[in-house]
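Written out below as structure tokens is the structure these notes cover.
The values are calculated or read from the model by the stated rules, or taken from the named source; none is laboratory data. What you are looking at is a predicted structure, and each value in this text was computed from that prediction instead of being measured. Glycine also receives a Cβ, built like all others from the backbone with ideal geometry; neighbour counts cover every protein chain displayed. Surface areas here come from the heavy atoms of the whole protein model, side chains and all, with no ligands, DNA or RNA. Shrake-Rupley method; radii C 1.70, N 1.55, O 1.52, S 1.80 Å.
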Amino acid sequence: MLTMAMQIPSPGTLAPSCLGVVGHIPLWTAVLVVALRYASGPVWRRRPPWLRRFANEKDSVGLRDEETGEDQLSLTRVQPWTAWGLALLLLSLAAVAAGVVGAVLLPPLAQQLSIPVIPGMISTLVLVLERPRTLPGAVFVIHTVLLLAQLVLLVVVPDRLAGWPEMAALGATILPPLGSLAAMLNMPMRDPLLDSTGIGKPFEEPTSAVRSPEDLITLWQWMSVSWMAPLIKIGYKRQLHDNDVWFLAYEFHHDRIHQCFRDVHGTVLARLLKANGLDLLITTGLTVVETLAELAEPLLLRQLLAALAAETPDAKTALIYAGITLFGRLAKAQTGVFNLWYQRRNYERSRGEMITMVYEKTLRRKAFTFPSGDHVEPAESPSPAETPTPTTLADSESEGGSGSSQDTLRKTKLSWLKARLQEGRKEKEKPAPLEAPASTGKILNLLRGDVYEVAQRFWEFPTIITKPLSFFLSIALLWRILGPASLSGIFILVCGMSINAFLMRWMVQVETARRAITDTKLQRTSQFVESIRHLRWYDWQDAWLAHIMAARRAELTKRVASNIISKAIGTVNALAAYLFPVAGFLAYTLLSGHPLTVDVAFPALNLFALLQTSLREMPDLITVLLNAQVAMRRIEAFMLEPDKEDADDSLSSPSPADPLEISLCNATFSFPGTHRKVLRAVTLALRPGLTLVCGRVGAGKSALLQAILGELDQHSGTASVPHEMVGYCAQTPWLESMSIRDNILFCAPYDRARFEAVLDACRLREDLDRTFSAARDRTLIGENGVGLSGGQRARVALARAVYSRARVLVLDDPVAALDHHTATGILGSLFGEGGSGRGLMEGRLVILVTHRVDIAARYADQVVEVFKGGRVEVLDREGLVAGDGEGLESLVADVHAGIKADAAVVGGEGDGAAAQDEEPAERFMDEEHRVHGGVLASVYWRYIKAGKLGWWAAVIVLFVLYRAAAIGYYWFLKEWGAGYTKSSVPHGAARDGSETYGMAGADSSRQMLLGATAPRLRQTDGDSWIDLGRYLPSPSVNVRPWLWWFFALSLAQVLAQALADGALIVIIYHAGKNLFQQAMQRVSNATFRFYDVTPVGRLMNRLTSDMGTVDGQIANQIMRVSLYSISWLSSMAVIATATPVFLVLSIAMTALFVLIFDRFLPASQSLRRLETVSLSPLMSNFGALAEGLTTVRAFRAAPHFQQRIITTTDAFQKMDHIYWSLQTWLQIRFDALSAVTTFALTVTAINSGLSGGAVGFVLAAASNFVQSTHSLCRRYGEMQMQFVSVERVVELLSLEQEPRGTVLPPAGWPAYGDDIVLDHVTLRYAPGLNPVLHDVTLRIPGGANLAVTGRTGSGKSTLALSLLGTLHPDADSGGCITIGGVDLATVDKRALRRNITFVAQDPVLFPGTLRDNLDPLGEADETECAGVLARVLGGEFSLDGRVDAGGKNLSQGQRQLVGLGRAMLRKSPVVVLDEATASIDGVTAGEIQRLLREELRGSTVITIAHKKEAVADADWEVVLAEGRVVRAGPLGEGRGGF
């Protein structure tokens, strides 16, 4: 039917009877448009939500008249005319007038000239009624159809235009609709009454301060994407920066999208469909149009060639078909612009919806942290087996007890059947085993992988319709050519699909397993990056790296398996597709007895190729849909995890008169998802004043605070906590990568007087005045405060809680890391009588957890002691002073001791030494580097080498074999068709045949030489390469040999393609494995300064997102560029041999392609790099949130963080959006240029005087040349963009490495008695930074127990780190550090760190067991590990006890005890304890000191501490102040450090 409609009879004209049919099309179009616009209004207003525009501007912007209060957007009856509206009205009237006057003056042409009259009148009526301010869609459709109808009649009607009056009359009727379309193309698409402030104007210089001009563009600017011109111009001149790129258009703002998406209910998938349903419908419709246009092209070209190859060539008919083809290609190109815009909107909004949704869920869900030995509960609800149902045996028996035995038996059978059905339903409802709550790595993988997988399917949603549509239309067209024989291959297709169905199920299982392994790898990689300093201090990085690489190998193994299955599906598909024509031709020739002539074979083979493409893409479509289903299940499972009770994070505004009290009555709590009770029957009442919480390590002090904050599950009793903001200071300070001021303000407004008072109370002023004198509180402190010392981090976190307006403060041991003088000063200032910060704490309810009861108890109104087992006792101030209560005797003693202490410390820090920053700088994080210009050739070469050169060579050889088989395939088919005429022609005589026209491969994605058009060409004069008639019988006599050879060539293509795909899998495996391994090794051995200045999120972005791109299809991109290059060169050669005129046109066209691409490429590279850089903050923000989630929720700052992720997502998505807008700019120009160039070449060929076969041959080569040039530019651009990720990974391979050291120390070095000598040592963290230690000279005797003391920030930790070789003395100072006479600057660092143990204040623990954390390398035996564990943590813990990532299921004190256990196991000659007991109570600390004396007898122990009990056994001391040694010598000589 489609073919018949496209047949125009010779000589290229339509019969006069067709005039009326074509002439009535505009009339009925106008009537239909008006009817739909006005009559369907009530129905359209009741359309379902998924058909409504989502988060559009007019839903949120209303214009109301100031006097009447009416909505101006609805005042259509009284609105004034605009200039555009009047112009359209006049042009519509002109069309009516021209039609009427022309029909009156020229009666013979009245029917044709009167066509515009009624459509013009209807348009006029619409314009008068609506007075449009924006583009009137109804009028646009009417005038477009009217103009097309007039142009068609002008070209194909009989020649009735005898003179200029007829020409003038016809021109007068065509010009008004043409002018109307020109006017409407330049009319605004957005209502001019809407506020345009903050929207970029088209063709003005772009800036990030304004929205994208998309909100103001006209239809023509949208169609041509010309609004991108200013950005392209800037990108061509220089590198683009963030402030050069417009902000997102309104409908892409994630603030609006997120708010609207929250109001949509249902499952995640249902919500996505409701929010994006209209875009899905639009893109599906546009893609169907593109598919039909694509299917029409081969039919039009066939008719064109038929006209030229006829006995009497019909040039006019051929030109008409060429013109129709040009129009179809231009229409397809324009449809592609609209389609890509809506597809991108669908993709970007769905991705943004899911990113913000997952982030919000992370803010609201329970913090699943399980004590060691506990296991997660998969669900909170009772299992179905525990729920009474009518299908249980007990119910059956009870029901049957009152009836006969027959009834009982019948009911029992019925119940059994129902039970089986119920089990089946349960299996379907629960297809996968219940999983533990998502870890940080899994959530990161959801954001990085699963969200993209689902969003990509929304982009490609139309293919669900168009791929099957193309398949069935191809079969229908095949039926027209081959008849019933076309269905003979259906059995082969069914067999192939059956095999693929099994493979797809297998692939889903493999892909599910791969994603789980990827979660594990991401978790390990994240932990590795976050803990890299600690790992290298112990020289454990290689062992941890081995775990990561094991997970990486497992991931790659699964990825290879997935790729193999995918390629197997493709191979089965290709085999079925190639055997399909074999079966069809066998049935057509051997069974039906028809000759397979060229005019039958090649059109049928083209349709088989289209069918083959559909068959290849449909299984891929099913595969990606199954992958998306897996991803959606993971997202749905995460969204179903339970939320924290009372997860409403909105800030309440309590009245000062509201009672301030926290009460718990017989309350029992456990960590979320566990049965183990951490607090039991707690009863207490907290009121304004200071409540001190104390207890042994691991007793549950922090758990009590978590219960008050609502982070634990409550099982019994009652809890009354004010629903308002709480100033929370975590035990491990959590800071953000921003300035000191921003960390203290934490979303609160800046109050200068309050801020200054907080600085004084928290003893931060001297740090700002001396250490950060340049920028003071504006100093950027780096990720998690890396630019601050431990004491400074604690004080900034405390200042954040104190500065807040919260009436309740929950402080979890903020003074643990502070020296005695600073700690007493802060507590006295905040709580003491006359303290400078006393006013800040007035009327507040303060809960303070601390082990330093001696300095805090004097200010307490009551004391809460937590005992093992979760029991709590409370003693008020009077009871504390009187000494009442059991178990609090030690506290009473501490209070009395504190009352006798010197009160001079209460007023401030006195004349103590000023705090010194451990890393004095104004900015601690470097900006992320972006390469300028194109991707360097060295990056390509690095990737190619990583994939192994031999495998690349194998792929190229296999492709050459594939191309040879493909060429032979078509050439053989041509010989087969020509063989039917050879028997009647003498051997060697000239034949009417084409010479080597079949140069295109059957694989439509690899049609290189002559494309899909070549098989339609008839033969030109010339002989064949090989005369098969000499070797094979005539097909009219015996067709079987021809079928066998055709079958062999088909198998050769399948085999070559399958082997090439297999080699590509190996390349991808090797490249991914080698690059990841090299990058991880370089990161693990980088300088420590790199870790200081590089955010974890940035590094993780490169190791995850960019590495994911490397694991993808980059190898295929290189191969495609190579293939299209070969295609381009071969097409040029074919054209050059045919006619020089074509060669000139081809060279000119290539120059235009290159010129356009040259303008496009610089801006696209800049945008791509900006996009990858802008992704890093997204990952960093999530990592920061995961670490500080409790703090964020306590401060009720979740809305602020949600807004931050929205802002970050906007920044990331705007780069992606503008990048794809630039791609659209290139696409419309390439497609239009391709269409026009092909048309020009066609016209040249038609008018060249060549024979029909020669014209078709050259035209096919030219068409393929255009396609190859187009595809080569596009693929090269895509390859450049994807190689930006490779470039970013390769940059890691150039990281500066820490010098390993040239001196290999003796096996027994350092010995237990070796002295440590620092000789004129000056240390700084990086060149250009101020020194931290100044000219330090001291000797630490071997075997000494050294106490290093000094004020917070005096350089103690720097001194300790220098013993690990992470810092070296300044070269110009001539200083050195030696142990046993060996210079640490030259010694092998690995050997040094293996023999020195450094225990940090916040030891890093890894996910696994306690055994894994005590001895990660497995160097100690089980008995030794168990003994150490029992001594440090007690008998309640076992080596198999589970440890969460970061040790979050252990208290801070327990984590420190594990760190001390490591030191006991290692028994190193030198042990450095940096505040290693700061979070341990005094009694436990005393026991630990006794154990250390026993276990580390003979070792040199260097203890950095602020608590007296931590250094009670020291026999040597070093006192530091402002980075200088104040005193060094035996303890007891002179003043001492305490």
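The figure for L586 is an accessible area of roughly 60 square angstrom, using a 1.4 Å probe on the protein chains alone. A full extension of the chain between T718 and E1291 corresponds to an added length of 200.6 nm, given 0.36 nm per residue minus the alpha carbon distance. Calculate, in whole percent, how much of the Cα-Cα pair population of the range 1278-1343 lies beyond 14 Å. More than 14 Å apart: 78 percent of the Cα pairs in the range 1278-1343.
The listed peptides 173-186, 745-758, ordered by packing as a protection proxy, come out as 173-186, 745-758 (highest mean of other Cβ atoms within 10 Å first).
Mean projected area of the convex hull spanned by the Cα atoms of the range 700-849, taken over all viewing directions: 9.6 nm². Does a label point 7 Å from the Cα of L32, set along Cα-to-beta-carbon, have any residues of the range 269-291 with amide nitrogen under 20 Å, and which are they? Counting only backbone N, you get 282-291. A simple spin-label model places the labels of V100 and V1141 4.9 nm from each other, with each point 7 Å out along Cα-to-Cβ.
Loop-located trypsin sites (Lys or Arg not before Pro) in the range 231-333 (DSSP state not H, G, I, E or B) with no more than 13 neighbouring Cβ atoms inside 10 Å: R238.
Ranked by solvent-accessible area (1.4 Å probe, protein heavy atoms only, all chains present), the residues R741, R877 order from largest to smallest as R877, R741. For the range 1272-1378, applying the loop criterion from DSSP together with a ceiling of 13 other beta carbons within 10 Å to the GluC sites (Glu not before Pro) yields E1296.
Is the C-alpha gyration tensor of the range 767-852 telling us rounded, prolate or oblate? Criteria: a/c under 1.5 is rounded; beyond that, a/b larger than b/c is prolate, otherwise oblate. Note, shape of the range 767-852 comes out prolate. Can you tell me what share of the DSSP beta bridges in the range 1407-1528 is antiparallel? A percent to the nearest 5 is fine. DSSP beta bridges in the range 1407-1528 are roughly 55 percent antiparallel. For V43 and F755, the difference between the fully extended length at 0.36 nm per residue and the C-alpha to C-alpha distance is 250.3 nm.
Residues whose amide H falls under 5 Å from that of C694, counting only those 5 or more places apart or on a different chain, are V864, E865, V866, with hydrogens built in the peptide plane. Counted over the range 796-884, the DSSP beta bridges are approximately 55% antiparallel.
Among 1232-1240, 1179-1187, 789-797, sorting by the average number of other beta carbon atoms lying within 10 angstrom of each residue, highest first, gives 789-797, 1179-1187, 1232-1240. Across all directions, the average flat footprint of the convex hull enclosing the Cα atoms of the range 512-577 is 4.8 nm². Working from label points 7 Å from Cα in the Cα-to-Cβ sense, the R505 to L154 distance is 6.2 nm. If R0 is taken as 60 Å, the Cβ-Cβ distance between V1526 and I1156 corresponds to a FRET efficiency of 0.25.
Between N1116 and L1129, the simple label model (points 7 Å from Cα in the Cβ direction) yields a spacing of 2.5 nm.
What shape does the range 115-248 take by its C-alpha gyration tensor, where a ≥ b ≥ c are the square roots of the eigenvalues and a/c under 1.5 counts as rounded, a/b above b/c as prolate, and the rest as oblate? Verdict is oblate for the range 115-248. Separation of the alpha carbons by more than 30 angstrom is noted, of K361/K1073; K558/K945; K361/K1356, for K361/K1073; K361/K1356. The figure for F252 is an accessible area of roughly 0 square angstrom, using a 1.4 Å probe on the protein chains alone.
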